[in-house]
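*Asks:* Below are the structure tokens for one structure; questions will follow.
The values are calculated or read from the model by the stated rules, or taken from the named source; none is laboratory data. Predicted, not measured: the structure shown is a model, and the values here were computed from it. Reconstructed Cβ throughout: ideal geometry from the backbone, glycine too, with neighbour counts over all protein chains shown. Accessible surface is based on the protein model in full, side chains and every heavy atom, while ligands, DNA and RNA are left aside. Shrake-Rupley method; radii C 1.70, N 1.55, O 1.52, S 1.80 Å.
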Amino acid sequence: MVCIRKRFFNSNRLLLLPFGLWPGEETIVTRLQATLLCIFLISSIVFQLSRLFIAECNFDFIVRIFSSTSTYVMFASVPTVFWIHIKTITYLFDQLQYIYDRLKDRNEIAIYDKYGYFAKHVTTTIIILLVCCLCGSSVITYSPVILEIVVPLKNDLCAIRTVQFVTKYFNVSEKYCVLVFVHLTTAGATGLIVFIGTGTMVFSYLQHICGMFEIASYRIEQAMAIELLHNFHIKNRNVICRKMICAIDIQRQAMEFAKHLITSMEGTLFVMIITAVLCMTCNLYRIFQIESPMERMDEVLIHLGAVLFILIMLFLSNYVGQEVIDYSNHVYVITYNVSWYLAPLHIQKLILFLLQRSHKIFTLSAGGLFTASLECFATLVKVSMSYFTFMYSIQ
């Protein structure tokens, strides 16, 4: 028996296992790991928000804090909900394995593998980019601080600029600057790793759903093959009925799987979308508020990186949502285009039932307000730009 966890989700396991978030391996140790992770990520958010009550606030300072805090909120929300619903995630894993084990046709197995391997390749590519970004940013970020501690230099401009940046950005004393710097950068890197691990797993789940819809389309085409309809007798009638029932069954499983996944994370997705819009708006505003950007290129790159990260995250999530919609509609198109008129009346009634169910567009909706699609992606970007324009215009 093929284990889909080992075949398609090994990369996710490497990212999530050290933090106790890998489904199916829940022990006291993993619970402790996940608890410490959530506390660590939440502590970074609490610290940043606390600056609003401790330091002297103005509009620019509030935007600066929210541009940073909103990023950490996204990093912390998904792993926290993932940990809370770890049994649901494990159940979905078991469902994927159950569906895979029931596939007997080689073409259906090939379709399922195609989407699994595509998701795996996307995950591997993102992990490689993540490692490169973390290694590069760590060298650039920590080397001045380490050199200043090991070999103190009076004229170490890089270390001085780092201290000044953290002191001014979060309005903290230089005495605690290094501690704050290490805390926030470590929390950001940890949160990013876990966010990528959980996010790519959800992406893989949705790719498997697309594969189920394509298998449903394939089964309908095979059931309504011309040779079966032209040489119609009792044996072929049973074959057609059996294949149509199998097609309807896997379509139903795909819909139920998607609804179960989205329902378990619906509140989080709603918060994530609002936070992403806020994060992109505030970071765009900060980029255009920086005086002498060439002299403060480090701060510009931080805000620009946050904006690019939000855009990529929103695009991938809405892209896979659009794929689910398209493949769900493809079942309807295939059913409509087959030679149903050659089939007997009771088969036509079965096809009519399938058409009626497929006619309603199947979507992934968060909170009943946001539907994952490319149109939604464009709308969210447009909303962020509108808020940014408004904030910039009132200054």
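*Asks:* So, by mean Cβ neighbours within 10 angstrom, what's the order for 321-334, 27-40, 199-212 with the highest one leading?
*Replies:* In descending order of packing, they fall as 199-212, 321-334, 27-40.
*Asks:* Separate question: Please compute the length gained on full extension between residue 382 and residue 356, using 0.36 nm multiplied by the number of residues separating them and subtracting their Cα-Cα distance.
*Replies:* Taking residue 382 through residue 356 to full extension adds about 5.9 nm, to one decimal.
*Asks:* Which of the GluC sites (Glu not before Pro) across the stretch 1-75 are loop residues per DSSP, with 15 or fewer other Cβ within 10 Å?
*Replies:* Sparse-neighbourhood loop GluC sites (Glu not before Pro): 25, 56.
*Asks:* So, in nm, how far is label residue 288 from label residue 308 when the simple model puts each one 7 Å beyond its Cα toward the Cβ?
*Replies:* 2.1 nm
*Asks:* Turning to a different aspect of this structure: What does the net charge come to around residue 205 if you take all other residues with beta carbon closer than 14 Å to its beta carbon, with K and R at +1 and D and E at -1?
*Replies:* 0
*Asks:* Right, another one. List the lysines whose alpha-carbon lies under 26 Å from that of residue 243, not counting same-chain residues fewer than 8 positions away?
*Replies:* Result set, ordered by chain and number: 104, 114, 235, 259, 349, 360.
*Asks:* Using a 1.4 angstrom probe, figure out how much accessible area the stretch 1-119 has per residue, in square angstrom, rounded to the nearest whole.
*Replies:* Numbers: 5920 Å² over 119 residues.
Here the per-residue accessible area is 50 Å².
*Asks:* Now for a different question. Treating cross-link reach as a plain straight distance, find the aspartates and glutamates whose alpha-carbon is under 15 Å from the alpha-carbon of residue 87, omitting any fewer than eight places away in the same chain.
*Replies:* 25, 26
*Asks:* Moving to a separate point now. Summarise the accessible area of the stretch 1-122 (1.4 Å probe, protein heavy atoms) by the percent that is carbon and sulfur.
*Replies:* Exposed carbon and sulfur together represent 65 percent of the surface.
*Asks:* Once the piece of chain linking residue 135 and residue 348 is laid out straight, how much longer is it, given 0.36 nm per residue of separation minus the C-alpha distance between them? If you can, show how the numbers build up before the last one.
*Replies:* Values: separation 213, 0.36 × 213 = 76.68 nm, distance 6.03 nm.
Extra length from residue 135 to residue 348 when fully extended: 70.6 nm.
*Asks:* Between residue 301 and residue 59, how high is the FRET efficiency from 1/(1 + (r/R0)^6) when r is the Cβ-Cβ distance and R₀ = 25 Å? Nearest 0.05.
*Replies:* 0.60
*Asks:* Another question, then. For helix 374-393, what angle does its Cα long axis make with the longest principal axis of the chain, in degrees from 0 to 90 and rounded to 10?
*Replies:* 20 degrees
*Asks:* Answer with a single label: of (i) 18.7; (ii) 20.2; (iii) 23.2, which was calculated as mean projected area of the Cα convex hull in nm² from the structure in view?
*Replies:* For mean projected area of the Cα convex hull in nm², the calculated option is (iii).
*Asks:* Quick one: plug the Kirkwood hydrodynamic radius of the stretch 237-392 (C-alpha pairs) into Stokes-Einstein at 37 °C, 0.692 mPa s, and report D in µm²/s.
*Replies:* 176 µm²/s
*Asks:* For the peptides 281-290, 91-100, 346-355, 213-222, what is the packing order when you average, over each peptide's residues, the other Cβ atoms within 10 Å and list the highest mean first?
*Replies:* Details: 281-290: 21.0, 91-100: 16.9, 346-355: 15.1, 213-222: 22.7.
Answer by packing, highest mean first, reads 213-222, 281-290, 91-100, 346-355.
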